[in-house]
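Step one of this worksheet: look at the structure below.
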Amino acid sequence: DGGITQSPKYLFRKEGQNVTLSCEQNLNHDAMYWYRQDPGQGLRLIYYSQIVNDFQKGDIAEGYSVSREKKESFPLTVTSAQKNPTAFYLCATPDRDNYEKLFFGSGTQLSVL
Amino acid sequence: RKEVEQDPGPFNVPEGATVAFNCTYSNSASQSFFWYRQDCRKEPKLLMSVYSSGNEDGRFTAQLNRASQYISLLIRDSKLSDSATYLCVVKAGAEYGNKLVFGAGTILRVKS
């Protein structure tokens, strides 16, 4: 059963701590994206990767880092430099035949302790 | 001005009602348009694309007005299961990196 999986579902961060959100897909897709969703705002692009070993900053990359060492994995690290990390984080991959259609993981809610 | 604007609602309607949402976009070079549905604290899922001639999928009808730069979603015979947040998504052209821009969403609550 192909899909995109995020973990954990809920994550808590202490002051000054880095935390990593996992995103795995078994769809054999090249492109993967990370979005952040805040109440009352649209999804905002943090980072994206079009191919393994390559990634680009999105609109709000400050305070975040990513890696793309394997095609199926695109982890997002929320660093201590991100001063307002509380949000719902969504990983996505576009349909192979239609890049405009996104498949999302189930999301990770990050909160600050 | 936001690139994509939606009335946040909530729209509270009885079962069986017809409800319509509008979404305006600021970039006249936008090329593709979509409606996504998002249940509370779940991931968004594509509901339908919006074509220039308008399109229908069962109880859902989407319209595009390029001159006025808005798209609409009409839901007929509302069901309780239609309760969700509806996200308007606009794709800019290649000169803008083919970027997808998401609206903040419109909340629909269908009540029995």
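The values are calculated or read from the model by the stated rules, or taken from the named source; none is laboratory data. In this text the structure is predicted, and so the values were computed from the model without any measurement. Note: ideal-geometry Cβ built from the backbone for every residue, glycine included; neighbour counts use all protein chains shown. Quick note on the areas: whole protein, heavy atoms, side chains included, nothing else; ligands and nucleic acids left out. Shrake-Rupley method; radii C 1.70, N 1.55, O 1.52, S 1.80 Å.
Please report the projected area of region A:1-61's Cα convex hull averaged over all directions, in nm². About 5.6 nm², averaged over all directions. Diffusion coefficient (Stokes-Einstein, Kirkwood radius over C-alpha pairs, 25 °C, 0.890 mPa s) for region A:40-81: 223 µm²/s, rounded to a whole number.
In Å, the Kirkwood hydrodynamic radius of chain B over pairs of distinct alpha carbons?
For chain B, inverting the mean 1/r across all distinct Cα pairs yields 14.1 Å.
Interface residues of region A:79-94, defined as those losing at least 30 Å² of solvent-accessible heavy-atom surface relative to the isolated chain (probe radius 1.4 Å), are listed as A:PHE88.
Using the scaling law 2.2 N^0.38 Å as the reference, what is the normalised Cα Rg of chain A? Normalised Rg, Cα atoms only: 1.00.
Could you pull out every one of the aspartates and glutamates with an alpha carbon less than 13 Å from that of A:LYS71, ignoring same-chain neighbours closer than 8 positions? The qualifying aspartates and glutamates are A:GLU24, A:ASP30, A:ASP54.
Across region A:23-35, computed HN-Hα scalar couplings (Karplus, 6.51 cos²θ - 1.76 cosθ + 1.60, θ = phi - 60°) run 9, 10, 9, 10, 8, 6, 7, 7, 8, 9, 9, 10, 10 Hz from first to last residue, x flagging Gly and Pro.
For region B:34-98, rounded, prolate or oblate, judged on the Cα gyration tensor with a ≥ b ≥ c (square roots of eigenvalues), a/c < 1.5 rounded, else prolate if a/b > b/c? In terms of gyration-tensor shape, oblate. Charge tally around B:CYS40: other residues with Cβ under 14 Å, Lys/Arg +1 each, Asp/Glu -1 each, net +3. Estimated at the nearest 10 Å², the accessible area of B:ARG41 is 110 Å² with a 1.4 Å probe. Per-residue extension of 0.36 nm, minus the Cα-Cα distance of B:ALA67 and B:LYS2, leaves a gain of 21.6 nm for this segment. Measuring between their Cα centroids, region A:1-61 and region B:5-37 lie 26 Å from each other.
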